[in-house]
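Engineer: Have a look at the structure that comes next, please.
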Amino acid sequence: MKRIIRKEILGKRDSIPTSERKKKDILIQQRLLGLPEFRSAKAILFYASFRTEVDTTSMIEESLKMGKKVIVPKVDKKSHRLILYEIKDLRELSPGFMGIPEPSPPDETIREIKDVDLAIIPGTAFDYSGNRLGYGAGYYDVVLSGTEKSESTRTEKIPFVALAYEEQLIDSIPSEMHDVKVDIIITDREVIRIKKK
């Protein structure tokens, strides 16, 4: 079922004309930059966009200009996990796993998920309950599980934000216990805050 949904939604996303996608990217960026969680975040985990994903390039540039720390993942195939690196410039990214832009800076720029205030994550499809359909490898589910930040006595969860075109929203995605849900979905039409049950 997931494979069928993934194929169908990727087909829809790929068929959005480039000029239309650029307009949608601008609207999504404006909504992200206006988000209170974004404005207050000091360190943000971004995905480096690839193929027809919502373009994060100018979002990363804007965040760096605003003095925010930008953290980008790199796939470690041996351990089947994402390693997080802080970058200072987009030029630190180059094609890596499956051609996805990845950082390759020195080890001292490695960061932990607990260093992040806001996580912006990719996906092929999302539903109105916050369920996310990834690309099938489960890398993000692993890195984002157990993302609670302890601040003095209270513990708060890092907000997960999905960036998606309206075409990527569907009514329902089959989910399993280990699947990470998102808290906010930003599309070219709206900001959807997932109500907690």
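The values are calculated or read from the model by the stated rules, or taken from the named source; none is laboratory data. In this text the structure is predicted, and so the values were computed from the model without any measurement. Glycine gets a Cβ as well: all are built from the backbone with ideal geometry, and neighbour counts include every protein chain shown. Ligands, DNA and RNA are stripped out before the accessible areas are found, and what is left, the full protein with its side chains, is counted by its heavy atoms. Shrake-Rupley method; radii C 1.70, N 1.55, O 1.52, S 1.80 Å.
Engineer: Taking into account only those residues within the stretch 131-164 that are more than 20 Å from Phe38 (Cα to Cα) and of a type in the set (Ser, Thr, Tyr), which is modelled with the lowest pLDDT?
Structural biologist: Per the stated criteria, the residue is Thr153.
Engineer: I'd like to verify a number: residues in the stretch 7-29 that are open to solvent by 50 Å² or more (accessible area, probe 1.4 Å) and in contact with a Leu (Cβ under 9 Å, 6 or more places away or on another chain), how many?
Structural biologist: Of the residues in the stretch 7-29, 0 are open to solvent by 50 Å² or more (accessible area, probe 1.4 Å) and in contact with a Leu (Cβ under 9 Å, 6 or more places away or on another chain).
Engineer: Restricting attention to the stretch 53-82, and to residues there that are of a type in the set (S, T, N, Q) and more than 14 Å from the chain's Cα centre (by Cα), which single residue is nearest to Ala137 (Cα to Cα)?
Structural biologist: Ser79
Engineer: Hey, could you check the stretch 165-193 for residues that are at pLDDT below 95 and either of a type in the set (Lys, Arg) or out of contact with any Asp or Glu (no Cβ under 7 Å at 6 or more places or on another chain) (or both) and say which is nearest to Gly123 (Cα to Cα)?
Structural biologist: In this case the residue turns out to be Lys181.
Engineer: I'd like to verify a number: residues in the stretch 36-49 that are without any contact (Cβ under 8 Å) to a residue 60 or more places away in the chain and within 20 Å of Tyr135 (Cβ to Cβ), how many?
Structural biologist: Filtering the stretch 36-49 down to residues without any contact (Cβ under 8 Å) to a residue 60 or more places away in the chain leaves 36, 39, 48.
Now drop any that are not within 20 Å of Tyr135 (Cβ to Cβ), which leaves 48.
Of the residues in the stretch 36-49, 1 are without any contact (Cβ under 8 Å) to a residue 60 or more places away in the chain and within 20 Å of Tyr135 (Cβ to Cβ).
Engineer: I would also like to ask the following. Can you tell me which residue within the stretch 30-53, out of those that are closer than 28 Å to Gly96 by Cβ and out of contact with any strand residue (DSSP E or B) (no Cβ under 9 Å at 6 or more places or on another chain), is least open to solvent (accessible area, probe 1.4 Å)?
Structural biologist: The selected residue is Thr52.
Engineer: Sticking with this structure for a sec: Take residues that are hydroxyl-bearing (Ser, Thr, Tyr) and tell me which of the strands (runs of 3 or more DSSP E) falling wholly in the stretch 47-131 contain 1 or more.
Structural biologist: Once the strands (runs of 3 or more DSSP E) in the stretch 47-131 are filtered for at least 1 residues that are hydroxyl-bearing (Ser, Thr, Tyr), what remains is 81-87, 93-95.
Engineer: Taking the stretch 67-114, which residues are open to solvent by less than 30 Å² (accessible area, probe 1.4 Å), touching a Leu at 6+ places or on another chain (Cβ under 8 Å) and free of Cβ contacts under 8 Å to residues at least 60 places away in the same chain?
Structural biologist: Of everything in the stretch 67-114, those that are open to solvent by less than 30 Å² (accessible area, probe 1.4 Å), touching a Leu at 6+ places or on another chain (Cβ under 8 Å) and free of Cβ contacts under 8 Å to residues at least 60 places away in the same chain turn out to be Val70, Ile71, Val72, Leu84, Ile87, Glu102, Pro103.
Engineer: Another question about this same structure. Give all pairs with beta carbons closer than 6 Å in which a residue from the stretch 18-35 that is outside any loop (DSSP other than H, G, I, E, B) meets a residue that is of a type outside the set (A, V, I, L, M, F, W, C) and open to solvent by 40 Å² or more (accessible area, probe 1.4 Å); count only pairs at least 6 apart in sequence or on separate chains.
Structural biologist: What qualifies is Asp25/Asp55.
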